[in-house]
Amino acid sequence: MRQRGKLVGMAKWAILAVVLCLLLLSWMFKWFQAEEHKATWLWDASIIAEQTPEIIAFSKEQGVDTIFLQIQDELPDATYRKFIAAARQAEIEVHGLNGHADWAYEEKRDEGLAFIERVRAYNAASAKNERFEGIQLDVEPYQLKRWENEESSVIAEWQNNMKAWTKAGEDAGLYMSAAIPFWLDARQSAEGGTFSRWVISHFDAVAIMAYRDSGQQMYDLSKEELDEADDLGKKVWIGAELADTHEGDHLTFFRKPVSNMNEEMAKVFDLGSSHSSFAGVAVHHYEAWYAKKNGIPLARKNEEKE
């Protein structure tokens, strides 16, 4: 009887140990799932020539692990190599950024292809730790006059261009993403279905320009795209605006303290974590973020000199 009691006691301890291990694994899984990833856009690439240490240090401090860096022909490849190598050492990915509103037009398709080829050739001539991880295309034809009267035609041309660009990017081994407005789910693809779903299906990831000063609203504006990306196995960044947009203070954190943006971003992370597609929050843009965080005055657009 004593031996039997001992075995029962050991069994109870074994069961308790298994339960504790399962609880620990569950907690660890949730912790890794809740890890907060941030990205930022860096448009003025000229600053990497002199400010690489500051950019990397600031990005690490803010939890940024992806930088969308515009590629400018004026900068030598050696400057990009030095910056990307430093970013890689800090566990930050760098993606080549470019795009123009009229790239959506059929006659501008080759400009997008030339940019992708530029990145492919750069990567081929660079060491592994100096290469761009991918490309982000920021093409916004709705800023141009044709959109108002020829929206469906522009969408059709834009889609054909995106097909060519994503194919070229895939062939070059590049991770392809696109910055898109939140309202593409209200537009129809030329091939049927929502335009947002079509775009998401062709890219590896999208960054939703869901610019609001409320984390709940940022999530709400992105929810349909998150759902579509969940179905498609793709990734979605939710964008936060920190610069002056000239379109209303409710669209940006420009006039608000950084602490307010951080609070609202925390809400986005909490809400977005229920989606397998949620990649994190992308802040637009690095220059505004750095200036705001360091107390450097930012002139509103109507205050800048001509």
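Pop out the carbon and sulfur fraction of the accessible area of the chain as a percent, whole number, probe 1.4 Å. Reported share for carbon and sulfur atoms: 53 percent. A full extension of the chain between residue 61 and residue 146 corresponds to an added length of 26.3 nm, given 0.36 nm per residue minus the alpha carbon distance. Would you report the distance distribution of C-alpha pairs in the range 59-112 as whole percents per 5 angstrom bin, up to the bin with the largest distance? Histogramming the range 59-112 at 5 Å steps yields 4, 17, 21, 18, 15, 12, 8, 4, 0 percent. For the chain, the per residue solvent-accessible surface stands at 51 Å², with DNA, RNA and ligands left out and a 1.4 Å probe. Please quote Rg/Rh for the range 132-249 to two decimal places, taking the Kirkwood radius as Rh and restricting both calculations to Cα atoms. That ratio is 0.96, to two decimals. Using a simple spin-label model with pseudo-atoms 7 Å out from Cα toward Cβ, residue 230 and residue 106 lie 3.9 nm apart. Taking Cα centre as origin and charging only the Cβ of basic (Lys, Arg, +1) and acidic (Asp, Glu, -1) residues, the dipole magnitude of the range 181-306 rounds to 340 debye. Rounded to the nearest 500, the 222 nm mean residue ellipticity of the chain from helices alone is -16500 deg cm²/dmol, with -39,500 (n - 2.57) taken per DSSP H run of at least 4 residues. Look at [x] 6, 23, 29, 25, 12, 4, 1, 0; [y] 6, 24, 32, 23, 7, 4, 3, 2, 0, 0; [z] 6, 21, 23, 21, 18, 10, 2, 0: the one that is P(r) over Cα pairs in 10 Å bins from 0, in percent derived from this structure is [y]. Build a GNM of the chain with springs between Cα atoms under 10 Å apart, and of 145, 293, 163 the one that fluctuates most is 145.
Sites listed here are GluC sites (Glu not before Pro) in the range 161-250 whose DSSP assignment is loop and whose Cβ has at most 13 other Cβ atoms within 10 Å: 191, 247.
The values are calculated or read from the model by the stated rules, or taken from the named source; none is laboratory data. This is a predicted model, so every value here is computed, not measured. Cβ atoms come from the backbone with ideal geometry, glycine included; neighbour counts cover every protein chain shown. The protein model used for the area step is the full one, side chains on, heavy atoms only, and it has no ligands, DNA or RNA in it. Shrake-Rupley method; radii C 1.70, N 1.55, O 1.52, S 1.80 Å.
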